[in-house]
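The values are calculated or read from the model by the stated rules, or taken from the named source; none is laboratory data. Remember, it's a predicted structure, so these values are computed and weren't measured experimentally. FYI the Cβ positions are ideal-geometry reconstructions off the backbone, even for glycines, and counts take in every protein chain you see. Remember, those area values only see protein heavy atoms, side chains included, never the ligands or the DNA or RNA. Shrake-Rupley method; radii C 1.70, N 1.55, O 1.52, S 1.80 Å.
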Amino acid sequence: MAGRYYEKRKLSSEIKKNEDEDGLSVSEVAQPEDPFKGSAPIPEERKSLYKRGKEFPVDGIKNKKLKGFLRNTKKHDKAAVNQAARYELLLTEEPGYIETAEGEATWEIKQREIADAADITSASKYFELRLDQFGPYSVDYTRNGRHLLIGGRRGHVAAFDWMAKKPMCEMNVMEAVNDVKWLHTENMFAVAQRRWTYIYDNQGIELHCLKRLDQTLKLDFLPYHFLLLAANARGFLQYLDISQGQIVSTINTKCGRLEVLCQNPANAVVLLGHYNGTVTMWSPNQKKPLVKMLSHKTALRSIAVDQTGNYLATSAQDRKLKIFDVRTFKSLHTWSVPAGASHLKFSQRGFLGASFQNVVEIYNNPCIQPPTNPYLTHKLKFPASDLDFCPYEDVLGVGCADGFVSLLVPGAGEPNYDSFESNPYRSKKQRKEWEVRALLEKIQPDMISLDPFQIARVDMATAEQLQKDKEERLGFKQESPKFEPRFKKKGRSKSGNVEKRKRKVRNEELRKKIRSEAEKNNANEAAESQMEANVITKPLEPKSALNRFKKKTK
Amino acid sequence: MKIKVLSRNPDDYQRETKLDIHKVYRNYNPALHPFEAPREYVRALNATKLERVFAKPFLASLNGHTDSVCCMCKHKQRLNTIFSGSCDGEIRQWTLTNQRCIRALPAHTGFVRGITCAPDGTTFISVGDDNTIKHWTTDALSEQSHNPLNTIVTKTLYTGIDHHWKEPIYATCGQTVDIWNDERSEPVKVYKWGTDSVNSISFNPVETNMCVSTVADRSIVLYDLRSSIPVNKVILKLRSNVVAWNPMEAFMFTAANEDHNLYTFDIRRLDFASNVHTDHADAVLDVDYAPTGKEFVSGSYDKSIRIFPVNGSRSREVYHTKRMQRVFTVKWSLDNRYILSGSDEMNIRLWKARAAEKLGRLAPREQAAADYNNKLKKKFAYHPQIKRISRHRHVPKTIYSILKEKRTIKDSMRRKEQNLRAHSKPGTVPHIPERAKHIVTTAIKDDDIDEEDSLV
């Protein structure tokens, strides 16, 4: 009969019994008494790694349906955090380490000793390529750490699978090479040559000659946006979308020669270091820098941002190495170094590699506390010309004037990779599938901003403004006259273009309104705070050197 | 001194043979998964676009009737059987698995005004313009399948019929609301309130003693079988055509009205509509709830079918075809997947309830991907780009222009009311909420006046 309408709904108490605190169902079979009842407790620091944002207070909401929905969502969030924290048990690999006895220091250990103490595969990862003919070498590893690209200043470019020691291509481009960079996979790489930038296949076939990226000094690649960055000698910063082949934005930074470049991997913002010691942050959407930060009083030599996007390491001519917090722009630590570090690089686990002339030093936890001693050091014959940590391996690749050397740094690489992000052991078919999926999920360059999570948050300012507009409209106050764009000839007034122009004007007006509202709010707040303070200021007394002997009146 | 350098055994990370699946290792550390929010947004955008690409709701058209289909009825026990009655008196039984007609009965010599199925699924009852009520068997293969099991000739014309969800009782409506017993040939009880004819009747599936009818004097009347008089009524501004009960909430019903709207009422509070659903461009002729109780489908005179959420006032979906004319009857199948519409051009159409859904059994990975995409679409539903794409529907030009005109009219009426309020003494022009605006009044039946004796 109509039995479905009479199905007894489960009482909430009955439902709760069958789920433990993680939200996972528990079997009802009779079992012997468990001395450790319930699920294993998870330490808070582990859970905090997986939490996203602050908890939202649910108690103040009056709408019952919304309250119930948010409470349910919170429960699911907690269950997800707990499960992710528990999953750490299933990670198979452990990071590398060096454990020293009393009296031994890690920085005195030579590479040869590490290679001898490690197993044979790890020992093979310490090698040196003596290439003294073609100049100081730039170094780049692919995102999954499998392939290595080296470019010598005198035109020698070589790409190979460094673990299997299998060469992919080797050529001389017959021109000065300023920088080399892998693109999204090991199939293409970009070489910044004397005049223009070229893109080559992994067989060495020239695919493109990018004449608009001229005199490029430094190249970088934003993997999730498929953007190739080129910083040139004239002060221009250019973004090229390699999936479409179009230049997304050209920015005249007006800051002179751009030699110090680094990207923030957490939010795709580009950091440039300048002669006056300022660090500027750029996004392709704005012609002016997002942030201008004075970090040193002398010219910057190198900068680096760590993987999580929290810390910025800078080094300048004043022989200091500083660690900043990227989000609050505050200086955390400073320590003296023998010379301005010519290259800085962070590894996946937070190790900082720095090269001072021909010495390479690696610090193992520079962001938590200022290091008194480096973790490891290595002396080269010639000054280092480029540094790069290999992802997912305990290896640091150093390019110098007489070739390339690959150093072992126990503990630098992330031991457990995620197959869906970058897989060092992927097959050809897996690579193809990954490439298609990555292209489908390509993030548009106009989403690059200082806070990548902004898109998932409620835009309170616009919401309030729209609400006000709606109220005005319903109350029918006089609206501003409608914008009718001028008719342009030669097909430039197609309906799509007209709509685009109208939208631009509408958005600009909305922005103006929001800005004026924000200013009003700030003015109000300032006025309020002034009223609250209400301090009677003393009149200023003339300063003199003998002031310190005067009696102080309370 | 102990030194350990990270080294992986490739055998642990690569598959052994080509016939194996690839090994997948996960690490949920957020440092390895940057740009979570923008990537989710891009995936939600792709999912919304693909939903529009795969939105092909029309499944099949059931041909066979030789006049417009004016009523339909679902089999209460089987998912694949539908009965439909047309304006030339023919009743057809369809099987939806093969999309074929398995029985055609020349039931009445006039319109078939209503068909209803008994809750045990063995018989169905039809009512027609030739003043007869006919009981038939639902089994198409029995010997009795071509003739009615029982024929009752009545004095007055009946325009609607509905069966009780538990007892062997059914109700017909015409001049009055008559309650019948399956074995009797005279009505057991008669309910009458006023002199106008009653258009349709509907029994409550949960609170089985209650039923509701729509009367030509623009009212909706509630009855309780345990009492001898109607309970109460609400009078709207225009007449309601059909009322449907919410199968999950015992006290909610939705009325399809002539003023292009649908009104959802709570029976405890009839003076204030729980929701007003607007989006049709012409009179709404039929409404039916989904078995989940969260959505309902409505068919209207403007040649389109709309699906509304229960707690929202705008439709989430509109189905139309050039070949589908005025929609007289709609039904939502009891497995929550299909919608049937019977219309003026003698066809019954089978549609998907969710236009982009893949029918049939999904592999676990497919199901997981579909669930993920649905959740993403919900998460980013309010972003302007995503909202614009997911809301976009093509609608026939007549409907589009009618809706545009209605919007202008509504805006101007609102503006005029604002002006009137601004230029009058404060308090003289009160704010009337939309949900109360369309209700004229409610009334409770008085015991002494106008009571017909109930017949035993």
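Please find, among A:ASN264, A:ASN232, A:ASN276, the residue that is closer than 17 Å to A:TRP196 by Cβ and either within 14 Å of another protein chain (Cβ to nearest Cβ) or modelled with pLDDT under 95 (or both). Going through A:ASN264, A:ASN232, A:ASN276 in turn, the sole match is A:ASN232.
If the condition is being charged (D, E, K, R) and either open to solvent by 30 Å² or more (accessible area, probe 1.4 Å) or closer than 19 Å to A:GLY273 by Cα (or both), then the range A:211-246 contributes A:LYS211, A:ARG212, A:ASP214, A:LYS218, A:ASP220, A:ARG234.
Any residue in the range A:359-367 that is more than 21 Å from A:ASN178 (Cα to Cα), assigned to a loop (DSSP other than H, G, I, E, B), aliphatic (A, V, I, L, M) and away from chain B (no Cβ under 14 Å)? No, that holds for no residue. Residue count for the range B:377-392 under the criterion of being within 12 Å of chain A (Cβ to nearest Cβ), open to solvent by 80 Å² or more (accessible area, probe 1.4 Å) and closer than 19 Å to B:VAL318 by Cα: the result is 1. When you check A:GLU519 against the structure, is it at pLDDT 85 or above, open to solvent by 50 Å² or more (accessible area, probe 1.4 Å), acidic (Asp, Glu) and in a helix (DSSP H, G or I), yes or no? Judged against the criteria, A:GLU519 is a match.
Taking the range B:351-376, which residues are among the charged types (D, E, K, R) and open to solvent by 90 Å² or more (accessible area, probe 1.4 Å)? Matches in the range B:351-376: B:LYS358, B:ARG361, B:ARG365, B:LYS375. Where strands (runs of 3 or more DSSP E) sit wholly within the range B:134-232, those with at least 3 residues that are more than 14 Å from chain A (Cβ to nearest Cβ) and not charged (D, E, K, R) occupy B:150-153, B:169-173, B:177-181, B:198-203, B:210-215, B:219-224. Residue check: B:ALA47 meets all listed conditions (1) without any contact (Cβ under 8 Å) to a residue 60 or more places away in the chain; (2) out of contact with any strand residue (DSSP E or B) (no Cβ under 7 Å at 6 or more places or on another chain); (3) among the small types (Gly, Ala, Ser) but one, namely (1). Being in contact with a Phe, Trp or Tyr (Cβ under 6 Å, 6 or more places away or on another chain) and either under 30 Å from B:SER274 (Cβ atoms) or at pLDDT 95 or above (or both) holds for only one residue in B:TYR319, B:TYR372, and it is B:TYR319. Inside the range B:413-440, residues that are within 13 Å of chain A (Cβ to nearest Cβ), more than 19 Å from B:HIS260 (Cα to Cα) and surrounded by 10 or more Cβ atoms within 10 Å (Cβ to Cβ) make up a count of 8.
The set of residues in the range B:253-266 being in a strand (DSSP E or B) and surrounded by fewer than 22 Cβ atoms within 10 Å (Cβ to Cβ) consists of B:ASP266 alone. Filtered by the rule that a residue be within 22 Å of B:GLY299 (Cα to Cα) and out of contact with any Lys or Arg (no Cβ under 7 Å at 6 or more places or on another chain), the range B:43-57 gives B:ALA55, B:LYS56.
Residues that are open to solvent by 10 Å² or more (accessible area, probe 1.4 Å) and within 14 Å of chain B (Cβ to nearest Cβ) within the range A:285-315 comprise A:ASN285, A:VAL305, A:ASP306, A:GLN307, A:THR308, A:ASN310, A:TYR311, listed in sequence order. Whether any residue in the range A:416-424 is part of a helix (DSSP H, G or I) and either open to solvent by 40 Å² or more (accessible area, probe 1.4 Å) or at the interface with chain B (Cβ under 7 Å from one of its Cβ atoms) (or both) is what I want to check. There is no residue in the range A:416-424 that is part of a helix (DSSP H, G or I) and either open to solvent by 40 Å² or more (accessible area, probe 1.4 Å) or at the interface with chain B (Cβ under 7 Å from one of its Cβ atoms) (or both). A single entry from B:ASP282, B:ASP271 fulfils the requirement of being assigned to a loop (DSSP other than H, G, I, E, B), closer than 18 Å to B:ALA443 by Cα and not polar (S, T, N, Q): B:ASP271.
Scanning for something more than 7 Å from chain B (Cβ to nearest Cβ), modelled with pLDDT under 95, open to solvent by 10 Å² or more (accessible area, probe 1.4 Å) and under 17 Å from the mean Cα position of the chain (by Cα), does the range A:433-447 turn up at least one residue? Yes, the range A:433-447 contains at least one residue that is more than 7 Å from chain B (Cβ to nearest Cβ), modelled with pLDDT under 95, open to solvent by 10 Å² or more (accessible area, probe 1.4 Å) and under 17 Å from the mean Cα position of the chain (by Cα).
Within the range A:320-328, is even one residue among the charged types (D, E, K, R), exposed (fewer than 15 other Cβ atoms within 10 Å of the Cβ) and part of a loop (DSSP other than H, G, I, E, B)? Yes: the range A:320-328 contains one or more residues that are among the charged types (D, E, K, R), exposed (fewer than 15 other Cβ atoms within 10 Å of the Cβ) and part of a loop (DSSP other than H, G, I, E, B). Of all the listed residues (A:ASN373, A:ASN285, A:ASN358), the sole one being in contact with a helix residue (DSSP H, G or I) (Cβ under 7 Å, 6 or more places away or on another chain) and farther than 26 Å from A:ASP451 by Cβ is A:ASN373. Applying the set (1) open to solvent by 20 Å² or more (accessible area, probe 1.4 Å); (2) out of contact with any Leu (no Cβ under 9 Å at 6 or more places or on another chain); (3) free of Cβ contacts under 8 Å to residues at least 60 places away in the same chain to A:VAL177 leaves exactly one unmet item: (1). Scanning the range A:35-67 for residues that are surrounded by 12 or more Cβ atoms within 10 Å (Cβ to Cβ) and over 34 Å from the mean Cα position of the chain (by Cα) yields A:SER39, A:ILE61, A:LYS67. Picking from residues in the range A:99-123 that are at the interface with another protein chain (Cβ under 8 Å from one of its Cβ atoms) and over 15 Å from A:ASP394 (Cβ atoms), the one that is surrounded by the most Cβ atoms within 10 Å (Cβ to Cβ) is A:THR100. Residues in the range A:124-161 that are within 14 Å of chain B (Cβ to nearest Cβ), of a type in the set (Ser, Thr, Tyr) and crowded, with 18+ Cβ neighbours inside 10 Å: how many? Qualifying residue count for the region: 1. Annotation: A:LEU213 fulfils all but one of (1) more than 19 Å from A:GLN246 (Cβ to Cβ); (2) within 26 Å of the chain's Cα centre (by Cα); the unmet one is (1). When we screen A:LEU70, A:LEU89 for residues that are part of a helix (DSSP H, G or I), more than 9 Å from every other protein chain (Cβ to nearest Cβ) and open to solvent by less than 80 Å² (accessible area, probe 1.4 Å), the only hit is A:LEU70. Counted as qualifying within the range A:123-177 are the strands (runs of 3 or more DSSP E) with 1 or more residues that are of a type in the set (D, E, K, R) and touching a His at 6+ places or on another chain (Cβ under 8 Å), namely A:156-161, A:166-172.
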